[in-house]
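The values are calculated or read from the model by the stated rules, or taken from the named source; none is laboratory data. All figures in this text were calculated on a predicted structure; none of them were measured in a lab. Note that we place each Cβ from the backbone using ideal geometry, even for glycine, and neighbour counts take in every protein chain shown.
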């Protein structure tokens, strides 16, 4: 494959402030127990042979830096290329929309100018999906478009996802700021010729407060932007509800196969943790249990992060229990998200519903 430069932007937030995202960027949210959302974006790049990746950071970047480090776990701790931590602007986390802010790209233009890559692959960091960037590059080359965006039919109205109005050939006619059901929803992933992107940054420098595709809104007749359809599972995660259902959907074998296909491993930070231990009398069904867990009680249809303890007589049903939580003896948890380091007292009941998920925040800040 031709040399490709990767840029991942973690510098935007949801339109709705949630308890799960409070104090942490969307990109660093735990997923399926052992991963973070940013792992999908990084792995998509690396699995496709991209060895130079810039990661645009939000202002509250501590948890992302703690996770990605030097990029070693993705093979990006290299002398030539590797992982570049790039500063983002505070503006990007202050409102919805504004994907791929021109200001962020312009401020980090040096990475683009120093590269000899022919193409740039740009990705967001809060869509759980496994993308073959090589195939997308081939589609881009064959169409001879200026930009190729990755889209999928929107399953519902969603104010946090933008979309595109397309003509019969798949060419973008207009940007839809808030995607409605069945619109061509933008999966925050696109490919562009590097030289053309540099030209765009010069052309739209005066409106650098806009996202790239907002700035292009009046010029889609002149700039050839084509849509490539993504036909595998994808989960946009912007709210607590998105987060809850995406994690539990990943327990479905077909969804698991789409997210973690053979040959396209989702890489994450390595932890030296012992395997989970299932004690005599425990019962675990249709669940993802991470390393370091110790299960004495009952777990059904749930996701457990690392080092979770479920004591004897305790029951966890259809819930997400994050790292280092303890579910005390006789406690009952259902339809809930329990953030890290919480202790559910013995004999208590923490119960939400499918339509109103109970969220227990972290007991203190890290």
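See the values below:
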{"quantity": "Residues satisfying the stated conditions in segment 113-144, i.e. farther than 18 Å from residue 46 by Cα and either outside the structural domain of residue 198 (by TED's automatic domain parsing) or in contact with a strand residue (DSSP E or B) (Cβ under 8 Å, 6 or more places away or on another chain) (or both)", "calculated": "139, 140, 143"}
{"quantity": "Qualifying positions in segment 135-168 - more than 22 Å from the chain's Cα centre (by Cα), in a strand (DSSP E or B) and within 17 Å of residue 211 (Cβ to Cβ)", "calculated": "165"}
{"quantity": "Selection from segment 324-338 of residues that are crowded, with 23+ Cβ neighbours inside 10 Å and either within 15 Å of residue 251 (Cβ to Cβ) or in contact with a helix residue (DSSP H, G or I) (Cβ under 7 Å, 6 or more places away or on another chain) (or both)", "calculated": "337"}
{"quantity": "Which numbered condition residue 174 misses (of (1) part of a loop (DSSP other than H, G, I, E, B); (2) more than 24 Å from residue 43 (Cα to Cα))", "calculated": "(1)"}
{"quantity": "Candidates 250, 235, 185, 152, filtered to the one that is without any contact (Cβ under 8 Å) to a residue 60 or more places away in the chain, crowded, with 19+ Cβ neighbours inside 10 Å and under 30 Å from residue 288 (Cβ atoms)", "calculated": "185"}
{"quantity": "Selection within segment 125-134 - assigned to a loop (DSSP other than H, G, I, E, B) and crowded, with 24+ Cβ neighbours inside 10 Å", "calculated": "125, 126, 131"}
{"quantity": "Odd one out for residue 33 among (1) assigned to a loop (DSSP other than H, G, I, E, B); (2) surrounded by fewer than 20 Cβ atoms within 10 Å (Cβ to Cβ)", "calculated": "(2)"}
{"quantity": "Criterion (in the same structural domain as residue 87 (by TED's automatic domain parsing), modelled with pLDDT of 90 or more and in a helix (DSSP H, G or I)) met by exactly one of 46, 53", "calculated": "46"}
{"quantity": "One residue from 99, 103 being within 21 Å of residue 201 (Cα to Cα), assigned to a loop (DSSP other than H, G, I, E, B) and at pLDDT below 95", "calculated": "99"}
{"quantity": "Qualifying residue in segment 247-259 (condition: closer than 21 Å to residue 326 by Cβ, in contact with a strand residue (DSSP E or B) (Cβ under 7 Å, 6 or more places away or on another chain) and either not assigned by TED's automatic domain parsing to the domain that holds residue 74 or not in a strand (DSSP E or B) (or both))", "calculated": "yes"}
{"quantity": "Scope segment 71-80; condition at pLDDT 95 or above, more than 17 Å from the chain's Cα centre (by Cα) and assigned to a loop (DSSP other than H, G, I, E, B); matching residues", "calculated": "75, 76, 77"}
{"quantity": "Among residues of segment 324-359, those that are free of Cβ contacts under 8 Å to residues at least 12 places away in the same chain and more than 26 Å from the chain's Cα centre (by Cα), counted", "calculated": "0"}
{"quantity": "Matching entry among 38, 53, 20 (being within 16 Å of residue 120 (Cα to Cα) and surrounded by 19 or more Cβ atoms within 10 Å (Cβ to Cβ))", "calculated": "53"}
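Yes/no per residue for (1) in the same structural domain as residue 322 (by TED's automatic domain parsing); (2) touching a residue at least 12 places away in the same chain (Cβ under 8 Å); (3) in a loop (DSSP other than H, G, I, E, B); (4) in contact with a helix residue (DSSP H, G or I) (Cβ under 7 Å, 6 or more places away or on another chain):
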{"residue": "189", "(1), (2), (3), (4)": "no, yes, no, no"}
{"residue": "199", "(1), (2), (3), (4)": "no, no, no, no"}
{"residue": "209", "(1), (2), (3), (4)": "no, yes, yes, yes"}
{"residue": "220", "(1), (2), (3), (4)": "no, yes, yes, no"}
{"residue": "223", "(1), (2), (3), (4)": "no, yes, yes, yes"}
{"residue": "227", "(1), (2), (3), (4)": "no, yes, no, no"}
{"residue": "244", "(1), (2), (3), (4)": "no, yes, no, no"}
